[in-house]
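Visitor: Here it is, the structure in full.
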Amino acid sequence: MDGAGVPLSLIVSGANRHDVKLLAATLDGIVIVRPKTSRRRRQHLCADKGYAGRPAAQAMRRRGYTPHVRQRGEEARACRKGQRARRWVVERTHSWFNRFRKLLVRYEKTAANFVALLQCAAALICWRMC
């Protein structure tokens, strides 16, 4: 997701797979053209503690991102009084996907059908953001 909560990539897997295992596939699946990176204009990627570790940091750097991995509660402590941690952007977008009741519980037998429904929901979310 970008800073506004617009979904940029979708990857479907089983619920028993950890998110960090899908990091490379998710970053490779981004559908927009990224601006060129340079020393002055770097691409930053914010993540939570689930993406801490050398393999995840290497995957982010290999794709041209500067990783910012926050530990639990660190972002909330760093915020000024009256400000919220930016984690709510991700949670809000997940809530938008959950409003599509067909996606809330997966009844589709094939992954292709479920991915199609997810992409349709993501397109509607992007359209509503404009």
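The values are calculated or read from the model by the stated rules, or taken from the named source; none is laboratory data. Keep in mind it's a predicted model, so treat the numbers as computed, not measured. Neighbour counts are summed over all protein chains in view; Cβ atoms, including those assigned to glycine, are modelled from backbone coordinates with ideal geometry. Calculation scope for accessible area: heavy atoms of the full protein, side chains included, ligands and nucleic acids excluded. Shrake-Rupley method; radii C 1.70, N 1.55, O 1.52, S 1.80 Å.
Visitor: Quick check on my filter: what residues within region 112-130 are open to solvent by less than 50 Å² (accessible area, probe 1.4 Å) and farther than 17 Å from V31 by Cα?
Guide: F114
Visitor: Across region 3-30, which residue is nearest to the chain's Cα centre (by Cα) among those that are under 16 Å from Y65 (Cα atoms) and open to solvent by 60 Å² or more (accessible area, probe 1.4 Å)?
Guide: Top of the filtered list is G3.
Visitor: Oh, and also: When the residues of region 32-47 are filtered to those that are surrounded by 11 or more Cβ atoms within 10 Å (Cβ to Cβ) and without any contact (Cβ under 8 Å) to a residue 24 or more places away in the chain, which remaining residue is nearest to V90 (Cα to Cα)?
Guide: Restricting to residues being surrounded by 11 or more Cβ atoms within 10 Å (Cβ to Cβ) and without any contact (Cβ under 8 Å) to a residue 24 or more places away in the chain, the top hit is A47.
Visitor: Same structure, new question: Report whether or not G64 is over 28 Å from L103 (Cβ atoms) and open to solvent by less than 50 Å² (accessible area, probe 1.4 Å).
Guide: So G64 fits the description; yes.
Visitor: Another question about this same structure. Restricting attention to region 17-55, which residues are closer than 20 Å to G3 by Cβ, touching a helix residue (DSSP H, G or I) at 6+ places or on another chain (Cβ under 6 Å) and either at pLDDT 85 or above or not aliphatic (A, V, I, L, M) (or both)?
Guide: D19, L23, G50, Y51, listed by residue number.
Visitor: A follow-up question, please. Need pairs with beta-carbon distance below 7 Å; first residue free of Cβ contacts under 8 Å to residues at least 12 places away in the same chain and within region 92-112, second in a helix (DSSP H, G or I) and open to solvent by less than 50 Å² (accessible area, probe 1.4 Å); sequence gap 6+ or separate chains.
Guide: R106/F114; E108/F114
Visitor: While we're looking at this one, here's another question. Do we find a residue being of a type in the set (V, I, T), at pLDDT below 90, open to solvent by less than 100 Å² (accessible area, probe 1.4 Å) and assigned to a helix (DSSP H, G or I) anywhere in region 102-110?
Guide: For region 102-110, residues of a type in the set (V, I, T), at pLDDT below 90, open to solvent by less than 100 Å² (accessible area, probe 1.4 Å) and assigned to a helix (DSSP H, G or I): absent.
Visitor: Let me ask another. Looking only at residues that are part of a helix (DSSP H, G or I) and modelled with pLDDT of 80 or more in region 79-101, which one is surrounded by the fewest Cβ atoms within 10 Å (Cβ to Cβ)?
Guide: R101
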